[in-house]
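Beneath this line is the structure, given in structure tokens, with notes to follow.
Read-outs: derived from the displayed coordinates by stated rules, not from any lab. The shown structure was predicted, so the numbers you read here are calculated from the model rather than taken from an experiment. Cβ: placed from backbone, ideal geometry, glycine included. Neighbour counts: every protein chain shown.
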Amino acid sequence: DVKVTQSSRYLVKRTGEKVFLECVQDMDHENMFWYRQDPGLGLRLIYFSYDVKMKEKGDIPEGYSVSREKKERFSLILESASTNQTSMYLCATGGGANTGELFFGEGSRLTVL
Amino acid sequence: QQQVKQSPQSLIVQKGGISIINCAYENTAFDYFPWYQQFPGKGPALLIAIRPDVSEKKEGRFTISFNKSAKQFSLHIMDSQPGDSATYFCSSGNTGKLIFGQGTTLQVKP
């Protein structure tokens, strides 16, 4: 089974802090994604990556950046956290040509005070 | 920005009933239409998916109905069970990048 591990399940940060959300996958997939989940808004794509060192903006990239130095690891960075970034963050991998299936981590719930 | 519109936002069904969730998409170039199921405290997981070359796909109690001309698709859960209580997301796109609907919280009452 594909495993997607998000290192922090719950985080509480203060406004202006730099926040790192880490995601590791164990299935050697090229594609990795960061989504944000908010009630009534569904899942919205922040950034994605099709390969190491490569990144592309999703639908809501403002206030976020990403890093992919190794194939299995995809990090989401909030340079200066704000209260409107309080949310559930979901990392995913997969989306290959054969099945298209995405495999999600269990999420990181971030609260910015 | 492309959207996928999902309804209803919440749904309460009696055990044994039929649950129906609807979605509408905009981009006719989309070729992949999956539904994801999410339980509290877990990430979404693929439930069932369809490609636009068929109008219906059934897996057990779960059926996707697809209407290409109307750009709509729906999830039907037959004989709904309390264990089906979860949040359901439709999505559409091309393999590798998906747009998700707003989610439907389903509660199946025993």
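The stretch between residue B:105 and residue B:20, if pulled fully straight at 0.36 nm per residue, gains 29.4 nm over its current Cα-Cα span. Rounded to the nearest 20, the size of the Cβ-charge dipole of the protein assembly as shown about its Cα centre is 400 debye, with Lys and Arg at +1 and Asp and Glu at -1.
How high is the FRET efficiency from residue A:14 to residue B:7, r the C-beta distance, R0 41 Å, rounded to 0.05? Kindly include the intermediate steps, with their values, before the conclusion.
Numbers: r = 38 Å, r/R0 = 0.92.
The calculated FRET efficiency here is 0.60.
Based on the alpha-carbon gyration tensor of the protein assembly as shown and its eigenvalue square roots a ≥ b ≥ c, which shape applies: rounded if a/c is under 1.5, prolate if not and a/b is larger than b/c, or oblate? Walk me through the numbers on the way to the answer.
Details: a/c = 1.89, a/b = 1.48, b/c = 1.28.
Prolate.
Here the average projected area of the convex hull drawn through the C-alpha atoms of chain A stands at 6.7 nm².
A compact globular protein would have a Cα radius of gyration near 2.2 N^0.38 Å; the ratio found for chain B is 1.01.
May I ask you to derive the FRET efficiency for residue A:62 and residue B:54 from their Cβ-Cβ distance with R0 = 35 Å, giving the value to the nearest 0.05? All intermediate terms of the calculation are to be shown ahead of the outcome.
Numbers: r = 38 Å, r/R0 = 1.10.
According to the calculation, E is roughly 0.35.
Measuring between alpha carbons in the structure, the pairs from A:71/B:71; A:70/B:42; A:3/A:53 lying more than 29 angstrom apart are A:71/B:71.
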